[in-house]
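First up is the structure itself, then whatever we jot down about it.
Coordinate-derived values only; no laboratory data. Keep in mind it's a predicted model, so treat the numbers as computed, not measured. All Cβ positions, even for glycine, are placed from backbone atoms using ideal geometry, and neighbour counts span all protein chains on display.
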Amino acid sequence: MKGKDGCFWSFTCLIWRCVHRLGEEYSAIGPTGPEELKVSVRPMNSMRITILSAVLFFAFLSTSSAFASSSTNVPFALPLYRNMELWVAKGLIQSNLSSTRPFSRAEVGRLLAEALDKCDAGNVPSAECSDLQGPTAKYFEEETAEVRSQGSSPSTFLKPIDALSITYNHLSGPFSIYNNEGINYYDGNNASVEFQSRARLWNVFSFFIQPIFSYNQKFDRMEGNDKDELRMHKGYVKLTAGNFEVEAGRDSLWWGPGYHGALLMSNNAHPFDMVKLSNPEPTFLPWIFQYLGPFKFNLIFSELRDDRAGSDMANPYLYGLRLNFKPHPFFEAGLSQLALFGGAGRRDLGFLDVIKILYSNKNRDNTKLESNQEVAVDVALTIPHIRKLIRVADSIKIYGELGAEDTGTPPDRRAYLVGMALYNPFAAEKAVFRWEYADLSPGSVPAAWYNHASYPMQYDGRVFGHHAGSDADDLFFEWSQDVEKFFYKLGLDRERSGIQTKADVQEKNQYFGEMGYRIKDNSNITVRYSYEEITNYMNVKDDDKRNHFLGVEAALYF
């Protein structure tokens with residue numbers, strides 16, 4: 001197992017690390033150094049105060065009369081998120097906040113119950129409601145029943161195996177892999193087996209683990225360097241009180257309306273250990289802020305444990321805040337912030353120091369208050385039933401995200417992402433056509449995004465945000481459709497990097513296809529193939545590559 005996988009249970013790790021570090025600092029200082037001990041312990045207390053203040057504040061905002069059992073999150077790999085988009089586009093669901101993911105299973109149950117109630121009332125055609133009886137909805141039957149009849153599900157249960165998948169991938173050449181939670185494949189044969197387990201205790205605690213066993217024929221692209229590994233890919237525990245949730249452990253996040261990428265936080269990087277505060281079900285803010293509509297938040301704290309150069313900046317703190325509103329059933333807006341700061345040699349931070357780092361707009365390079373920050377705002381507009389107006393599709397979704405680095409008033413060094421989705425285009429049932437473009441090459445400082453001398457916004461070698469990376473742009477098209485038991489995707493992704501900072505721009509063109517078959521409601525098999533052309537590989541003139549990817553996956557859900 002990897003060293004960082006040795007303590008994936010972050011509740012235990014958090015307590016253990018605090019006690020252990022305090023003991024180490026006291027032992028190193030000795031009993032005669034009370035002043036030094038105060039200085040050493042202060043940054044830990046400052047972070048505790050910051051976290052506790054956030055807990056109390058957001059717990060107050062999340063107060064709700066709704067009963068909510070603790071439940072685990074829905075992994076991004078499930079087709080739920082695509083199906084949910086289709087149901088929203090049909091007008092079956094309006095209270096969702098789709099730009100903050102993952103959803104909890106309890107929230108999915110609530111949204112499905114909302115859609116089924118509309119169908120039962122006869123407000124929508126029966127053909128559209130038939131989708132709700134499909135495999136995805138059946139997988140969440142317990143959660144839907146719990147919403148309609150509180151206490152209908154057991155308060156304590158254990159599912160040793162909730163899902164199981166076996167994957168084989170063959171790569172020819174340095175094929176580009178992204179948006180797969182940091183799992184790396186290399187030239188040659190790659191295989192993995194993973195399963196998910198979940199449990200609940202007294203309706204208050206929920207637990208999730210996802211171990212993975214992987215094999216790489218040419219690990220790190222080295223001939224004869226085959227490697228097999230067992231590691232904990234994800235694992236966390238949740239504490240739920242009403243509509244307030246504390247999650248501690250290893251998980252992935254996605255902030256923003258993008259489908260192919262997000263500026264600040266996506267599933268491109270490996271899941272990381274965190275403490276996350278959130279409200280799983282949207283709530284209304286008090287006073288005049290109620291007019292902002294349903295509200296959700298994520299607040300994360302993490303101490304990253306990857307391989308970073310420089311002893312002073314190793315193991316930095318990651319702070320993240322996500323606010324999501326829906327002032328109209330068709331319109332959604334969000335605000336996101338990430339800050340990376342501190343490190344092994346910069347722990348002497350007081351509470352006010354932390355506040356200055358997070359909420360002042362100044363560069364403090366080469367000081368203990370140095371940080372790397374990003375902020376973004378996003379909007380999404382979904383318009384159902386528009387065929388009478390444009391005749392191209394039944395529904396349309398238009399969205400955008402605008403991000404900036406941490407300097408300037410307002411912050412400059414901007415990047416943006418825009419996209420569009422057409423649902424049931426050209427009368428093709430259960431089909432979606434998508435287009436998305438991202439520009440991460442600001443004119444002022446082209447290489448600003450994700451780069452930083454002390455705090456690059458990445459984890460285990462991959463950026464948290466858009467996979468295209470710094471000084472790059474990305475253009476993406478995809479057509480997908482479900483046809484009875486079959487489902488397929490066809491698409492193109494064109495990515496350029498080094499646009500303004502390199503003499504020879506690297507350009508990647510990926511052409512991909514995917515086809516799957518549902519053997520039963522709880523099992524499917526998927527085949528994927530992609531062809532990639534790269535010109536000026538790694539920005540080296542005339543170094544061109546032609547790469548292939550072939551993958552097969554079998555999945556079983558219980």
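Scan around residue 187 for amide H atoms under 5 Å from its own, H built in the peptide plane at 1.01 Å from N, and keep only partners 5 or more places away or cross-chain.
221
Provide the gained length on full extension for the span residue 500 to residue 331, in nm with one decimal, where the gain is 0.36 nm per separating residue minus the Cα-Cα distance.
Values: separation 169, 0.36 × 169 = 60.84 nm, distance 3.53 nm.
The residue 500-residue 331 span can extend by a further 57.3 nm.
Counting Lys and Arg as +1 and Asp and Glu as -1, what is the net charge of the other residues whose Cβ lies under 11 Å from the Cβ of residue 482?
Counting the neighbours of residue 482, the net charge comes to +2.
Order these by the 10 Å Cβ neighbour count, fewest first: 540, 88, 505, 108.
Numbers: 540 11, 88 24, 505 16, 108 27.
Arranged by neighbour count, lowest to highest, 540, 88, 505, 108 become 540, 505, 88, 108.
Output needed for the stretch 248-400: three equivalent-ellipsoid semi-axes, defined as square roots of 5 times the C-alpha gyration tensor eigenvalues, in descending order, whole Å.
Sorted largest first and rounded, they come to 36, 18, 14 Å.
Could you give the dipole magnitude of the stretch 358-455 about its Cα centre, charging the beta-carbon of Lys and Arg +1 and that of Asp and Glu -1, in debye to the nearest 20?
Taking the Cα centre of the stretch 358-455 as origin, the dipole is about 400 debye.
Please sort 115-122, 318-325, 223-230 by packing, taking for each peptide the average over its residues of neighbouring beta carbons within 10 angstrom, highest first.
318-325, 115-122, 223-230
Can you compute 3J(HN,Hα) from phi for each residue in the stretch 385-391, using the Karplus curve 6.51 cos²θ - 1.76 cosθ + 1.60 with θ = phi - 60°, rounded to whole Hz and x for Gly and Pro?
6, 10, 4, 5, 8, 10, 6
Taking the stretch 82-191 as the region of interest, what is the percent of Cα-Cα pairs per 5 angstrom bin, listed from the shortest bin to the one with the maximum distance?
2, 9, 16, 17, 13, 12, 11, 9, 6, 3, 1, 0
Using alpha carbons only, how many angstrom separate the centre of the stretch 184-213 from the centre of the stretch 463-499?
Taking the Cα centre of the stretch 463-499 as reference, the centre of the stretch 184-213 is 25 Å away.
Explain nothing, just compute: Karplus ³J(HN,Hα) = 6.51 cos²θ - 1.76 cosθ + 1.60, θ = phi - 60°, for every residue of the stretch 460-474 in order, whole Hz, x for Gly and Pro.
Result, ordered by residue: 6, x, 10, 5, 5, x, 6, 5, 4, x, 6, 6, 9, 9, 8 Hz.
Given the stretch 268-351, report the % of alpha carbon pairs whose separation exceeds 22 Å.
Tail of the P(r) past 22 Å holds 42 percent of the pairs.
Counting Lys +1, Arg +1, Asp -1, Glu -1, what net charge surrounds residue 197 among other residues with beta carbon under 9 Å of its beta carbon?
+1
Do you know the relative contact order of the stretch 64-152, to the nearest whole percent, from alpha carbon pairs under 8 angstrom that are 6+ apart?
So the answer I get is 33 percent.
Based only on other Cβ atoms within 10 Å, what is the fewest-to-most ordering of 507, 247, 142?
142, 507, 247
What is the sum of charges around residue 169, taking Lys and Arg as +1, Asp and Glu as -1, for the other residues whose C-beta is under 12 Å from the C-beta of residue 169?
-1
Using the Karplus equation 6.51 cos²θ - 1.76 cosθ + 1.60 (θ = phi - 60°), what ³J(HN,Hα) coupling, rounded to whole Hz, does each residue of the stretch 205-218 give in order, writing x for Gly and Pro?
With coefficients 6.51, -1.76 and 1.60, one gets 10, 9, 9, 8, 9, 9, x, 9, 10, 10, 10, 10, 5, 10 Hz.
Arrange 149, 360 by Cβ neighbour counts within 10 Å, fewest through most, would you?
Exposure proxy ranking, most exposed first: 149, 360.
List the residues, sorted by chain then number, that are 5 or more residues from residue 449 or on another chain and whose placed amide H is less than 5 Å from its amide H.
For residue 449, whose amide H was placed from the backbone, the distant partners under 5 Å are 471.
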